[in-house]
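Input: a single structure, listed below in C-alpha cells.
The values are calculated or read from the model by the stated rules, or taken from the named source; none is laboratory data. This one's a predicted model, so the numbers in the text were calculated from it and none came from an experiment. Note that each Cβ is placed from the backbone with ideal geometry, even for glycine, and that neighbours are counted across all protein chains shown. Protein only, heavy atoms only, side chains kept; ligands, DNA and RNA dropped before computing areas. Shrake-Rupley method; radii C 1.70, N 1.55, O 1.52, S 1.80 Å.
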Amino acid sequence: MMNFDLATMIESKRALRRRLAERPIAEKLALLDKLRERTVSIRGERLASNAMLREQESPYRTKGAK
Amino acid sequence: MDVEMHIQEVIKTINQMQADGVIECYAIGGAVGATFYLEPVATLDVDIFITLKPEAGRLIVSPQPIFDHLRTRGCTMEGEHIVIAGWPVQFLPPTGPLVAEALDKAVEKDVAGTPARVFTAEHLAAIALQTGRAKDKARLLQFIEEGALDVTRFQALLARHGLAEAWKRFELQFLQ
C-alpha cells in the first residue's frame, strides 16, 4: 500500500537498491547494456551532431593525456 | 542504435586479448567495476585498466598492439575509445600507486561462466574518493550505504595512499 511517509519511502528505496545489488552479475551487466542503450537514445537525439557521447573526464584519464 | 551492446562480449574479448598475449593483465574499474558490488547505474563507457607487455628492444610501452589486434576483429576507434560489442572501451594504464595496487590486487569474478578480473570494492571506493567528482562521491556513498566495504581493509588503503584527510572531509560533508 502506497503512503507518503518519508521514512518508509526512503527505506523502500534502499530495499529496492539492495535487491538490485544482490541480483546475479550477468543480470546486472545486462541491465547496464539496457541503461546505456536508453541513455544513448535519449541523449543522442539532443546531441545528434556529436558522433560520440562522453562522460566527464576523470583525473586518472587526463593525467597522461596530451 | 544498430549495434547491440553486450558488456559480457567486451569481457570475452579482453580475456582473449590476454590469452593472445596482447596485454599482460587487466582489471575492470569505473562504473562497470562498481556494478559487481552495487546496483547498476547508467554509464556510457567501460574502463579497462591494463598492464602491457613490453616489446622486445623497446623502452616505451605502446598501446598500438591493442588497437591493431582489435581492428583486425572489426572494432572501430572513436576518439580515445575503441568500440567493442557496441560499448566504447577505454584502456588505461595505471596512473598512480593506488590504481597500480588496484590492478595488482584485482579479483576474479564469474560472469555466467566468463571470468572477469575486477577491482576490489575497497579499491573502487578509494579511487572514487581520490577522483572526487560528484558522481564519484555518489558512488562512494553507495558503497558505504550498501555495506559493500571491508572497513578495516578500506581504512588501511586510505592510510597507505595518503587519503585519510580526504576521507575526513568526505565524512564531514556526507556522513555526519
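Could you please state how large a percent of the accessible area of the protein assembly as shown is carbon and sulfur, counting protein chains only and using a 1.4 Å probe?
On the way: 7220 of 13300 Å².
For the protein assembly as shown, the apolar C and S fraction of the accessible surface comes to 54 percent.
Compare B:149, A:32 by solvent-accessible area with a 1.4 Å probe and give them largest first, with all protein chains kept in place. Working shown, then result.
Working: B:149 30, A:32 0 Å².
Heavy-atom accessible area, descending, gives B:149, A:32.
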Hey, got a sec? Which GluC sites (Glu not before Pro) in the stretch B:1-105 land in a DSSP loop and have at most 14 other Cβ atoms within 10 Å? B:4, B:55
Length released on extending from residue B:53 to residue B:108, taking residue separation times 0.36 nm less the Cα-Cα span: 17.8 nm
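Just in the stretch B:40-127: which trypsin sites (Lys or Arg not before Pro) are loop by DSSP and have at most 11 other Cβ atoms within 10 Å?
Numbers: sites: B:58, B:71, B:73, B:105, B:109, B:117; in loops: B:58, B:73, B:105.
In loop regions of the stretch B:40-127 (DSSP not H, G, I, E or B), the sparsely surrounded trypsin sites (Lys or Arg not before Pro) are B:58, B:73.
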The stretch B:127-176 to the stretch B:28-106: how many Å between their Cα centroids? 24
Under the 7 Å Cα-to-Cβ spin-label approximation, residue A:11 and residue B:134 lie apart by a distance in nanometres of 3.1
Compare the Cα positions of B:41, B:74, A:32 along the charge dipole of the protein assembly as shown (+1 at Cβ of Lys, Arg; -1 at Cβ of Asp, Glu; about the Cα centre) and return the one farthest towards the positive end. B:41
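Using a 1.4 angstrom probe with every protein chain in place, what is the largest-first accessible-area order of A:20, B:44?
Final ranking, largest accessible area leading: A:20, B:44.
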Please report Rg (one decimal) and Dmax (integer) in Å for the Cα set of the protein assembly as shown. 18.7, 70
Lys and Arg at +1, Asp and Glu at -1: neighbours of residue B:163 with Cβ under 13 Å from its Cβ sum to -2
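Kindly compute the accessible surface that chains A and B hide from a 1.4 Å probe when together, both sides summed, and give it to the nearest 100 Å².
Numbers: alone 6810 and 9780 Å², together 13300 Å².
Buried: approximately 3300 Å² between B and A.
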